[in-house]
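Heads up, the thing below is written out as structure tokens.
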Amino acid sequence: MIKQENAQALRPRRNFLKVAGGAAIALASVTDSTAQDINAQSQPRKSPARSAPPDRGMWITWYDLPAQGREAYFSWLHGTYLPGLLKRPGYLWAAHYESQDLEGGAENATRYKHIDDPKVGKGFHFMLLIAAADANVFGDPVPSVLNAAQPEQGKKMLAMRVGERFNIFTETGRRDGLAHGAYKEGMTGAPCIQVGSFDCPTEFEEEMLAGYVLERMPKMCATPSCVRVRKLNSVAGWAKHGIIYEFASKEGFDRDYAPAVAKSPLGLNGHSVVPELLHAPNGPNSALRIWPPVPKV
């Protein structure tokens, strides 16, 4: 009798616990479901896997050369200096270019604003591009220390450079062009390039970024001869920003570059920030690769 009474007394408590336990389980399920939904919403949209470019560091040197002794300089640069650099850890490729013309031709000096500072070299007839895994590779040792350690012959050759300036860049964005699939030289800079290095007032940098991402890079890469475009930012040297447009040939560049620029204002809603940019001396300019030799078609 007592056991029966105890059972009857406990029944309401058991029912309560059963209901409460069920509610707790249901609440836990809802909470877990909500958390998964939030996490799912916070995940980035799925896109095809894309590995980071292996050559994200770029050391660019602009300079002029006297006519006398130029061939000896080329022989040393291409046969000794650059092969030696490419044996260093992290160094991936090098390309030497001779400039062809300034963007805007004879009107370049009035079409673009250029920095006028005696500490910024005005050389531009030759450009040396050296690529590494990342910009930190060029910090151990830095270029000035590396060049100071050259043997006497190397120092003599380096002293021939006139109006020299340099930048160490990190690549902040890249887009492959239509000609990329047929390009057989991998990472190495293309046969014809157009290079710009410049500063931009802070208040226009956001618009400039949008202009490159939404307009300039897509339209340039949609041309038949464009191999790729690399957007750069500086970690050392004058000019905070850099851009390299790469083309499979000079003929392709002459045909495709200017129309693509005309169709892609560097800004938003048709506005261009180009008049606000402060370019390097004698820039921007196009150039043809003289080393490694361009393979004959």
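Applying a DSSP loop filter and a limit of 10 other Cβ atoms within 10 Å to the GluC sites (Glu not before Pro) in region 189-297 leaves nothing.
Annotation for region 189-234: chymotrypsin sites (Phe, Trp or Tyr not before Pro) lying in DSSP loop with at most 13 further Cβ atoms inside 10 Å of their Cβ do not exist. When the alpha-carbon atoms of region 205-263 are used, the pair Rg, Dmax equals 12.4, 34 angstrom.
Per-residue 3J(HN,Hα) values for region 160-176, derived from phi via the Karplus relation 6.51 cos²θ - 1.76 cosθ + 1.60 with θ = phi - 60°, read 6, 5, 10, x, 6, 8, 8, 9, 9, 10, 10, 6, 9, x, 8, 9, 7 Hz in sequence order (x marks Gly and Pro). Put simply, the amide H of Arg174, placed in the peptide plane, has neighbours under 5 Å in Lys231, leaving out anything fewer than 5 places away on its chain. Across region 61-74, computed HN-Hα scalar couplings (Karplus, 6.51 cos²θ - 1.76 cosθ + 1.60, θ = phi - 60°) run 10, 10, 6, 10, 9, x, 5, 6, x, 5, 5, 5, 5, 4 Hz from first to last residue, x flagging Gly and Pro. Restricting the trypsin sites (Lys or Arg not before Pro) of region 126-190 to loop positions (DSSP other than H, G, I, E, B) with no more than 12 neighbouring Cβ atoms within 10 Å leaves Lys184.
Along its first, second and third principal axes, ordered by size, region 68-112 spans 43, 31, 11 Å in Cα coordinates.
Tell me, what does the Kirkwood hydrodynamic radius of region 257-297 come to in angstroms if you use every pair of distinct C-alpha atoms? Write down the numbers at each step before the final one.
Values: mean 1/r = 0.0751 Å⁻¹.
For region 257-297, inverting the mean 1/r across all distinct Cα pairs yields 13.3 Å.
Database remark: amide H of Ala236 closer than 5 angstrom to the amide H of Ile168 (H placed geometrically; neighbours at sequence offset of 5 or more, or on other chains; Pro and chain starts carry no H).
The phi-based Karplus calculation (6.51 cos²θ - 1.76 cosθ + 1.60; θ = phi - 60°) puts the 3J(HN,Hα) values of region 88-94 at 6, x, x, 7, 10, 7, 9 Hz, whole numbers, x for Gly and Pro.
Quick note: the coordinates plus some simple rules give every number you see, no bench work behind them. On a predicted model such as this, the values are computed, not experimentally measured, just so you know. Ideal geometry is used to build each Cβ from the backbone, glycine not excepted, and the neighbour counts take in all protein chains shown.
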